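One structure is given below, encoded as structure tokens.
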């Protein structure tokens, strides 16, 4: 009949599309077809609709737009013939979605078809509804679907059951309407209907607690009996998959039992026998059997304590792990990941096998195994496992190295028993996969090296050796450059030899060679070159004998195409040339970097990789607020030559460059707020010569920068050559902390440990609330909060009262406010003490209500504070 | 819940695709391409599972099987049993085999709407409807009979497979 109409037949269209040699040709054919279809739609001939839509669906699958056919779907659905309806519903499912308003129009047709006398039409309508049902449609059509669950034909019953799962998922309120119908489905003999009935019950249990209770009470025993029947039943060819009777039904039943048993000891008790039976009797040489076993293991893990069953379950997983089928190994790893929470020891027994899976040729398995290994590691096995992983790093695929090195780094950071081991492992990782290592990882390494004063010599020599071999690993080169710059003298003189080291002979010019190579390599990036330049400046003072050569290298960079490098080269050159008197103090060794602060910053800026250093030491006791600033800085460093009188410039450099982000207390304790303001101006590159020039700490700085007549670069001079971790830590927090140091908050000086930036907790047109934080040293769970209420309006507030509420894991203590009257544009203070029992896991959160009177009228303001700094 | 069913040939052409969460046509094509590029780079003798969080969001899994010139792909979330999904592909393929007696790519291309009929009898709105291929065939045949009675479209005869693929 097709030939009497205009246009091509579907089959011909498919043929001509398949005959296309190029994508452009195909587009041409499709465009022509679409044009024909549009024309045909405009003619509105009902005979062409069916074919048009069939073509459109094919075109849709190829990825071309077909929206113009949507109305045709509706017309076809409304037509009386079965084939038209069928293709119409098919189009409805493929071309439309539940968000489109066209769907509103289809609800009525669906309702009619759900009540149709032809059960296949009913089936079509159910199928469409199950695919595209929206919340509105669910409400409108739920009674029809509910009725159809009792339909005489099993095909309709099972479709209605699945359609109901979609409906209750869309509108959870409707769940209770379906509970009775669902429980009647559980008594079905027809396997197909039983599967869908169990699925519906599962859905109801997960969204409605009452339904869960109902099924737990009424149906648990029945379900167990059903499961026992199919487990023990004789061979049933129609539902048999590889010798297992209906594995899909098995799986659905086990899944439902899991929900019923979870959190209920009685129900769990009832099902132990059958679970044990399934776990022991199921054939495990075929995929279907393993699927059932896998589901059974998952159920055993989820239900209430049955330790003997769990042993059985983990043994099944152990068998899976040594299975030759990749799929089985894959799911076993998945499952062991969950099992580790219940029985760490049992999983540890399979450690060797799991470690083998890390080396699997299959990327999916490798990734899973690696995740699992990192969960298995503890203090006892860290050395052995890390060694295995690092050994494998050498031979692994390039594209796996990134994941692997990241995992090793986090493992090493988390569990390192001693610093020398940490440094050794990190050097190995950097040597093998340096280009994949993230910035924060090698920043952390530098911080650790800086803190391990007895290992400086060892580290710099090890790095020197490594960088000769692995000069293409960018991050290794960076760390090496930094260390050679800082500890070059230790490298050359073999200072602090450890017993395990072989002595090496490195001349001063060998050390400079390494840095020269890094700075001249064409593929070194900006950061590396900048670090190399700073290292050269430092070495120019450490190695006076070859300072001319160093100067030559620096001078060459004057011609660098990178503006930053060029400028720095000019500045450093003049330091080497003209400022010999201050050079040695300018390039003194960095003070020890504060690990604790770095970790807080890192955790704050990188929530994904929270790392806890093995030795959380606070090297700089910030609490000594009254101590002179030079002492303050020197306290932490053991082997720095003390040069208190001349270290002003050095201090400034370090302060700005290194500790910029780390110590508000320092800047607070620095020579008074005036100097602080000074520093601040320089930092902000305001550039106006400050009136406080007599302050020693800023003179050198300014004169250095003034050489090239651009005082506004003072900041850059200081911060960019500083060690790279500044780049991440200082950028955001640094400014804040300095400002913080200036703010007249007296509580600041008393703080110890990490500091937190103040927040604006609440702001309306009339009222602003600021919080500043401090932590008493004795208890990390406690935070003292000083709230400042600022009246932004021109009216006085009287009877001012601040109320706050916190969740259960917090405890709140409010001190009385400094006044209950808040004058216009004035402020009052109130101290709060918050104790966080989930310290380190959850952040603070608070609801508050503020009441006051303005001109005798009551005002109430409410708000929630979610922006507390992390880690309080 | 099953998120998508796809059949892609070894050249990357989609032969059948059905998404159970709504996606725009562009997104569907992007996902099909993404899945295909993952599949075609997989070596032989590796597991049938893929981690594809980048394409389908967290906690989604993909299982595929490679038959002759076609990849059969199922994408689903954590609530489904991976091994069972692998069996479901088996059920789907067995059913198609019965339906077209020795199914090949061309059968699928030219009987697009019948393919959907079969699929809709196995997977219903993202849930497993029926796993017994005999039952599925019964339902599909009834529907075909009804269609034939109305004389709308007829099945493409087997001789078409003489046509060369691109």
Among A:310-317, A:595-602, the order from most to least packed when residues are scored by Cβ within 10 Å on average = A:595-602, A:310-317
request  = Would you calculate, for chain B, the mean residue ellipticity at 222 nm contributed by helices, counting each DSSP H stretch of 4 or more residues as -39,500 (n - 2.57) and dividing by all residues, to the nearest 500?
outcome  = -13500 deg cm²/dmol
For region B:2-155: relative contact order, % (alpha-carbon pairs under 8 angstrom, 6 or more apart) = 21 percent
remark   = Simple spin-label estimate for residue A:285/residue A:25, 7 Å along Cα→Cβ, in nm, reads 5.2 nm
ask   = Which residues does a label at residue A:502 reach in region A:436-458, if reach means a backbone N under 20 Å from a point 7 Å past the Cα toward the Cβ?
value = A:457-458
task = Can you pull the one-decimal nm distance between simple spin-label points at residue A:842 and residue A:15, each 7 Å off the Cα toward Cβ?
result = 7.0 nm
key: Relative packing of peptides A:249-262, A:758-771 - highest average C-beta neighbours within 10 Å first   = A:249-262, A:758-771
task = Based on a Kirkwood Rh over C-alpha pairs, give the Stokes-Einstein translational diffusion coefficient of region A:403-600 at 4 °C and viscosity 1.567 mPa s in µm²/s.
result = 75 µm²/s
query = Which part of region A:68-98 falls in the paramagnetic zone of residue A:153, meaning amide N under 14 Å from the point 7 Å along Cα-to-beta-carbon?
reply = A:82-83, A:86
key: Whether region A:220-342 is rounded, prolate or oblate, judged on the alpha carbon gyration tensor where a/c under 1.5 counts as rounded   = oblate
ask   = How high is the FRET efficiency between residue A:801 and residue B:22 when r is their beta carbon distance and R₀ equals 35 Å, given to the nearest 0.05?
value = 0.10
note = Taking a ≥ b ≥ c as the square roots of the Cα gyration tensor eigenvalues, with a/c under 1.5 meaning rounded and otherwise prolate when a/b beats b/c or oblate if not, region B:2-155 comes out prolate
note = Inter-part gap, Cα centre of region A:153-198 to Cα centre of region A:65-125, in whole angstrom, is 23 Å
query = How do the peptides A:123-136, A:474-487 rank, highest first, by the average count of neighbouring beta carbon atoms within 10 Å per residue?
reply = A:474-487, A:123-136
remark   = Tilt, helix B:82-100 to longest principal axis of chain B (alpha-carbon atoms), in degrees rounded to tens, equals 20 degrees
remark   = Expected integer from the mean partner chain Cβ neighbour count at 10 Å over A:284-296 is 3
query = Peptide B:47-56: average number of partner chain Cβ atoms within 10 Å per residue?
reply = 4
request  = Rank these for me by crowding, A:352, A:492, going from fewest to most other beta carbons within 10 Å.
outcome  = A:352, A:492
task = Using a/c under 1.5 as the rounded threshold, could you call region B:39-90 rounded, prolate or oblate? The axes a ≥ b ≥ c are square roots of the C-alpha gyration tensor eigenvalues, and prolate needs a/b larger than b/c, oblate otherwise.
result = oblate
task = Provide the gained length on full extension for the span residue A:375 to residue A:217, in nm with one decimal, where the gain is 0.36 nm per separating residue minus the Cα-Cα distance.
result = 53.1 nm
task = Please average, across the residues of B:74-85, the number of beta carbons from any other chain that are within 10 Å of each residue's own beta carbon, and give a whole number.
result = 5
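Each reported figure results from applying straightforward, stated rules to the coordinates on display, with no laboratory input. Just so it is clear, the structure is predicted and the values come from calculations on it, not from any experiment. Counting neighbours? That spans all protein chains shown, and the Cβs are built from the backbone with ideal geometry, glycine included.
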